[in-house]
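Worksheet: one structure, shown below.
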Amino acid sequence: MSLIIVLLIIIAFILICSIRQIEEYQRGILFTIGKFSRVLNPGWHIVLPIIQSYKKVDIRTKVVDVPEQEAITKDNVSIRINAVLYYKVFDSSKAVIAVENYNYAVSQLAQTTMRNIVGTVTLDELLSEREKISTEMCKIVDLETDPWGIKVENVELKDIALPEEMKRVLAKVAEAEREKAAVITKAAGEVEASQNLAKAAETMGRTPGTLHLRTLATLNDLSSDQSNTVIFALPIEVLEALKGIANKNK
């Protein structure tokens, strides 16, 4: 009788020691005699010693900081770029069985993919279409990690570092673009002004005396400043006519 009690105590002790707790954000991968048995859901589970073992997998969204990488764009510009990647485990059994260290594998794959994508676009495309490139990178990494039970949720390019020489070149290009826009705007203004002047001249030509009124208005504006000097250009015929009138009066 005492032997049975001892055996029961030993069995109870083994069972108590075999209790394993799986948290809500975890899944357990149970192996029996080295073979995959099943996935342990959150709660308490019995894992028999010696013949069984298990491994916990965190299924929460993880953040991978892709280290800064040196890459060359399609137009042969050397840059340094880094990114951040968000992923989660959707199949915990594959994450344990199919790959040795899924976190390290995802990080290395993201680095390689980022360098490859940068090599397929020009510098202008990389700077202006960052969201598009991030989406493309996310699709590629997600497709490659699917056999590992990994779901890539998002990829964001964080920073693009350019050489100092390239920064100066881009500054010159931006300055040239601004000068080009200024010249175009000025030319468009001159065209519009000439059109308005043509309309004004046409209106003045149809109405007698309008030109004289405009001349008087201009003289009135000039007379407000004593430092202005007004010079009239008169045709030589007018001067000759005035000279003839003066001779007749003599």
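The values are calculated or read from the model by the stated rules, or taken from the named source; none is laboratory data. Fair warning: this is a prediction, and the values are worked out from it, not measured in the lab. Counting neighbours? That spans all protein chains shown, and the Cβs are built from the backbone with ideal geometry, glycine included. Side chains included, ligands, DNA and RNA excluded: accessible areas come from the protein's heavy atoms. Shrake-Rupley method; radii C 1.70, N 1.55, O 1.52, S 1.80 Å.
For residue 115, all conditions in the list (1) basic (Lys, Arg); (2) surrounded by fewer than 15 Cβ atoms within 10 Å (Cβ to Cβ); (3) over 20 Å from residue 143 (Cβ atoms) hold save one; what is the number of the exception?
Looking at each condition in turn, residue 115 falls short on (3).
How many residues, within region 49-81, are out of contact with any strand residue (DSSP E or B) (no Cβ under 6 Å at 6 or more places or on another chain), acidic (Asp, Glu) and without any contact (Cβ under 8 Å) to a residue 24 or more places away in the chain?
Residues meeting the conditions: 0.
Here is a yes/no grid of residues against (1) crowded, with 16+ Cβ neighbours inside 10 Å; (2) in contact with a Pro (Cβ under 9 Å, 6 or more places away or on another chain); (3) without any contact (Cβ under 8 Å) to a residue 12 or more places away in the chain; (4) aliphatic (A, V, I, L, M):
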position: 131; (1), (2), (3), (4): no, no, yes, no
position: 137; (1), (2), (3), (4): yes, no, no, yes
position: 154; (1), (2), (3), (4): no, no, no, no
position: 171; (1), (2), (3), (4): no, no, yes, yes
position: 178; (1), (2), (3), (4): no, no, yes, no
position: 195; (1), (2), (3), (4): no, no, yes, no
position: 199; (1), (2), (3), (4): no, no, yes, no
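Of the residues 74, 94, which is over 30 Å from residue 14 (Cβ atoms) and part of a helix (DSSP H, G or I)? Don't jump to the end; show me each part of the working.
Details: 74 fails: part of a helix (DSSP H, G or I).
That would be 94, the only listed residue that is over 30 Å from residue 14 (Cβ atoms) and part of a helix (DSSP H, G or I).
Quick test of your reading of the structure: residue 104 fulfils all but one of (1) open to solvent by 40 Å² or more (accessible area, probe 1.4 Å); (2) part of a strand (DSSP E or B); (3) hydroxyl-bearing (Ser, Thr, Tyr). Name the failing condition by number.
Only one criterion in (1) open to solvent by 40 Å² or more (accessible area, probe 1.4 Å); (2) part of a strand (DSSP E or B); (3) hydroxyl-bearing (Ser, Thr, Tyr) is unmet by residue 104, namely (2).
Of all residues in region 14-28, how many are more than 16 Å from residue 51 (Cβ to Cβ) and over 50 Å from the mean Cα position of the chain (by Cα)?
1
Across region 41-63, which residue is most open to solvent (accessible area, probe 1.4 Å) among those that are modelled with pLDDT of 90 or more and of a type in the set (A, V, I, L, M)?
For region 41-63, the residue satisfying everything is 63.
What about residue 115, is it free of Cβ contacts under 8 Å to residues at least 40 places away in the same chain, outside any strand (DSSP E or B) and not aromatic (Phe, Trp, Tyr)?
no
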